[in-house]
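Notes to accompany the following structure.
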Amino acid sequence: MSYYTDQVNTKLIDPNVYVSNLRVEFQLPKGDYGNRMRLMNVGLTAANTPTYNTYLGALASIKSIRLLNGRDELDACRECNRYLSFKRFNKSDAKNLGLGQQQMKNQYGLCVSGVGSGVDAANAIVVKQTSMDLGSPAKVQLTTDEATTPKAYLDLRDCLPILSSLEVLPGDLFSQLRLVIEYETDVRNMISVDNEVVTTTRPLLACDIIEDADMVKKMMGDLNGATWSAIEHDLTRIPANNADSLQSNVNRLNGFNNKRMMRFFIQKVPTNKARNVGAANAVKDGGDLISQALINEKFNVKINGRPKVSRNGAETPNQRLSYLVDAYGECNSYYGANRLGADQGSTITAGILDGSRNDWYGLYVNDTIKDFELEITRTTKLNTKGATFSVPESDGYDIHVFADIRKQLLVGGGKYQVVYA
C-alpha cells in the first residue's frame with residue numbers, strides 16, 4: 001500500500017558504537033520506522049588532498065552493511081562497495097552524471113566534447129570518463145578536517161533490498177533494530193594514492209518515524225509477509241598462468257546451493273592487489289572495484305547440470321554484455337570498456353577512458369540451485385613486463401559472484417521468521 005500523512009518525521013540517529021576505520025553500529029530506539037533509511041556524512045579525511053575512488057567515491061569506504069533485530073539478521077550486503085560499484089555501472093549515464101556524482105562524490109560518467117571541426121574527426125569528438133562540474137576539483141578531494149572534507153550519503157534501499165519490500169518496520173515486531181557497518185581496510189580501494197593514511201568520518205543515520213498510530217496499525221494488519229531478492233556473494237579464483245596458452249577454468253560454487261537464484265553477475269579483480277597501483281603510488285581508476293576484461297575471454301555456467309548459454313558459451317564482449325543487460329537493465333558502458341588486446345594499454349587512445357576495466361557480466365536464472373558450475377576461458381601470454389604493467393596477460397584473478405536470492409518474511413502471532421523462499 002501507499003501512505004500519505006503529515007505524521008512522518010525524520011530522525012537523525014548518532015552511532016552507539018563508532019570505531020574509526022573499523023566499525024560503526026546504530027541502535028534504533030523502539031518506534032515505527034518507514035523504509036527510507038539513509039546513511040549520511042560518509043567520508044574520509046587524509047593529508048595532501050588525494051581524491052576519492054574514481055568509480056564509487058566516498059562510498060568505497062563501506063565494506064559491509066547488516067540490518068538486524070537483536071541478534072536476528074534481517075538483511076545484509078557483505079561486499080557492499082563491490083556491489084555498489086556494479087550498481088554504478090548498472091545506471092544510465094545521465095543518472096551517473098546528474099545524481100551519482102553528487103551523491104557518492106565519484107567521477108564516473110561519460111561526456112562528449114568537441115575540440116576540432118570538419119574532417120578532423122579525431123579532435124572533433126572526444127568521449128571522456130570525467131566528472132561534471134561539482135563546483136571545483138576540491139569537491140572530490142579529501143581534507144584533514146572532518147567538517148570540510150567531501151561527504152556522501154547512501155540510500156540503504158540500494159543495498160538492503162528488504163527495505164524496498166517493507167513500507168513499515170513496526171516497533172511491536174522489530175523492537176531492537178540495529179544497523180552494523182564495517183569499513184574497508186585497503187586504502188587502494190578508497191583513494192587515488194596508496195601511501196596516505198585515511199580516517200573515516202563519523203556518520204549519521206536518517207530514518208523516517210511514522211507517528212500515525214492508526215495508520216501503523218492498519219499497515220501491521222496488511223503485513224502478513226514479504227518477499228525480496230537478497231544480495232548474496234561467493235568467491236572463486238582463476239590461477240596465474242605465465243605462458244602463451246589457452247586456459248580453461250571450471251569452478252563449482254556451493255554458496256548458492258538449495259536457494260532460489262533469480263540472477264547473478266560476475267566481477268573479476270586481480271588476486272595480486274599490487275596490480276591496482278601504477279607509477280608514483282597512483283592507484284588506477286577504481287582500485288579493486290573494477291571488473292577486468294581478459295584476452296579472448298568466453299564464459300558459460302551450468303545450472304543443475306545444464307549449460308545456460310548454448311553452443312560454445314558467450315564468446316564476445318558484447319554478447320556477454322547483452323546477457324547482463326537482459327538480466328539487470330541499462331548499463332553505463334562504452335567502446336573498449338569490456339575488451340582487451342594483448343598490446344592494449346590502460347586507456348583508450350582518443351580520450352581518457354579506462355580500457356578493459358568495466359567487463360561485468362551475468363545471466364537471468366530463476367531456478368533453485370543444486371549445482372552451480374562456472375567456466376571461464378581466456379588466452380594467457382608470457383608476461384615479462386614490469387610490476388606496474390597495465391595489461392593482465394598472465395595474472396591470477398579473484399572471481400566475485402553476486403546473486404539475487406529469494407527470501408521471505410513470515411509474520412504471525414506477533415512473531416516473524418526470515419527464511420529462504
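For this structure, a couple of remarks:
- The range 186-224: number of residues that are at pLDDT below 95, loosely packed, with under 15 Cβ neighbours inside 10 Å and not in a helix (DSSP H, G or I): 2
- Any hit, the range 137-155, residues being of a type in the set (D, E), at pLDDT below 95 and farther than 23 Å from A230 by Cβ: no
- Selection of the range 249-267 for residues being of a type outside the set (D, E, K, R) and either open to solvent by 70 Å² or more (accessible area, probe 1.4 Å) or part of a strand (DSSP E or B) (or both) yields N249, V250, N251, L253, N254, N258, M261, M262, F264, F265, I266, Q267.
- The number of residues in the range 7-30 being part of a loop (DSSP other than H, G, I, E, B) and either without any contact (Cβ under 8 Å) to a residue 24 or more places away in the chain or more than 20 Å from E182 (Cα to Cα) (or both) comes to 4.
- Filter result for N241 (open to solvent by 30 Å² or more (accessible area, probe 1.4 Å), farther than 18 Å from F86 by Cα and either assigned to a loop (DSSP other than H, G, I, E, B) or at pLDDT 95 or above (or both)): yes
- Which numbered condition Y183 misses (of (1) among the aromatic types (F, W, Y); (2) closer than 30 Å to V277 by Cβ; (3) out of contact with any helix residue (DSSP H, G or I) (no Cβ under 6 Å at 6 or more places or on another chain)): (3)
- In the range 60-85, residue nearest to I162 (Cα to Cα) [restricted to those that are open to solvent by less than 30 Å² (accessible area, probe 1.4 Å) and in contact with a Cys (Cβ under 8 Å, 6 or more places away or on another chain)]: C77
- Criterion violated by L246 - all others in (1) under 25 Å from the mean Cα position of the chain (by Cα); (2) loosely packed, with under 14 Cβ neighbours inside 10 Å; (3) farther than 23 Å from K370 by Cβ satisfied: (1)
- Pairing each residue of the range 287-311 that is among the hydroxyl-bearing types (S, T, Y) with any residue that is assigned to a loop (DSSP other than H, G, I, E, B), provided the two are 6+ apart or on different chains, yields C-beta distances under 9 Å for S291/N338; S291/R357; S291/D359; S291/W360.
The values are calculated or read from the model by the stated rules, or taken from the named source; none is laboratory data. Quick caveat: nothing in here was measured; it's all calculated off a predicted structure. Positions of Cβ are generated from backbone atoms using ideal geometry, with glycine treated the same way; all protein chains shown enter the neighbour counts. Ligands, DNA and RNA are stripped out before the accessible areas are found, and what is left, the full protein with its side chains, is counted by its heavy atoms. Shrake-Rupley method; radii C 1.70, N 1.55, O 1.52, S 1.80 Å.
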